There are 2 protein chains.
Amino acid sequence: MPPKLSPVEALDLWQRVSVASVRQDAPDLSARQLALLLTVYLTPPPHTVRGLAELLTISKPAVTRAVDRLSELGMVKRKVDDKDRRSVLIQRTVKGSVFLREFGDTIVAASGNTE
Amino acid sequence: MPPKLSPVEALDLWQRVSVASVRQDAPDLSARQLALLLTVYLTPPPHTVRGLAELLTISKPAVTRAVDRLSELGMVKRKVDDKDRRSVLIQRTVKGSVFLREFGDTIVAASGNTE
DNA sequence: GTAAATAGATACGATACTGAAACAAACTTC
DNA sequence: GAAGTTTGTTTCAGTATCGTATCTATTTAC
């Protein structure tokens, strides 16, 4: 069971993490790109362009572009589905795992220094 | 004292909130815009263009543009500083308060439905 | 086989953002 | 007063993203 946050604590946490993310020279991802990246890493595969477009309620080209960008950064990779070669599976990478681990640490750190 | 999050819980929370934010048709703010908005509302005034640029480590024109955008949306407003008319104070608005309250609720909701 | 359906990528014009540099206005120094 | 400094905005060319529509490739239906 997760700890329960109050609205004020929640916004405070978001502020500190947002500022930390903007400040550090990590690749500056859009909200969509981050949501897509987190989804690929934290929800069970397979992840297709169509499926992600539906989940996020954005257009397929928007997903294609987000995957383009995240691929350039080495955060995810494309893999053609052998069972249906029209489909493209979006998969995790080592670099993406490292990035998200650091991001998780940033959040934890921000949740600790409230006082 | 805030509740302590584990890295996994933290990323999980971020994923759910990010997806919820992208899905709902709330104005889709960039990371910088959101960080600026949260800072204006959650840290003590006054907030100037220069001060925000230094805090976020971004250029002054970038702050001007973010304030332009947030002003269009009615989330913040500009007020010339009477004590130094070169300075512009970035202030809160009712609409921005409502938006952040809802955003806080979104986070709290996401932190509750892990199971 | 040929036609229809599906998945993803690409083309297109429009909008928004980027940092660096130039700018206007207000304040300070002398 | 004039010169210099500071604050925020504007301009500029370059890049990224947007949604709609179109396109290619693959699979399915017949």
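The values are calculated or read from the model by the stated rules, or taken from the named source; none is laboratory data. Predicted, not measured: the structure shown is a model, and the values here were computed from it. Glycine also receives a Cβ, built like all others from the backbone with ideal geometry; neighbour counts cover every protein chain displayed. Accessible surface is based on the protein model in full, side chains and every heavy atom, while ligands, DNA and RNA are left aside. Shrake-Rupley method; radii C 1.70, N 1.55, O 1.52, S 1.80 Å.
Values for this structure:
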item	result
For the stretch A:45-60 versus the stretch B:62-102, the gap between their alpha-carbon centres in whole angstrom	35 Å
Calculated label separations, residue A:91, copies of the chain, 7 Å along the beta-carbon direction, nm	5.7
Solvent-accessible area buried by pairing B with A, both sides, nearest 100 square angstrom, 1.4 angstrom probe	3900 Å²
Net dipole in debye of the stretch A:7-112 [+1 Lys, Arg Cβ; -1 Asp, Glu Cβ; about Cα centre; nearest 20]	520 debye
Chain B - percent of accessible surface contributed by carbon and sulfur, probe 1.4 Å	54 percent
Top of A:82, A:68, A:105 by mean-square fluctuation, Gaussian network on chain A, Cα under 10 Å	A:82
Set of lysines with alpha-carbon distance to residue B:77 below 22 Å, sequence-local pairs under 8 removed	B:60, B:95
Helical mean residue ellipticity (222 nm; -39500 (n - 2.57) per DSSP H run of 4+; nearest 500) of the protein assembly as shown	-19500 deg cm²/dmol
Qualifying lysines (Cα of each under 25 Å from Cα of residue A:4; at least 8 residues distant if same chain)	B:4
The protein assembly as shown, accessible area per residue, ligands and nucleic acids excluded (1.4 Å, Å²)	55 Å²
Shape category assigned to chain B from the gyration tensor of Cα positions, a/c cut at 1.5	prolate
Rel. contact order, % - alpha carbon contacts under 8 angstrom, at least six apart, chain B	25 percent
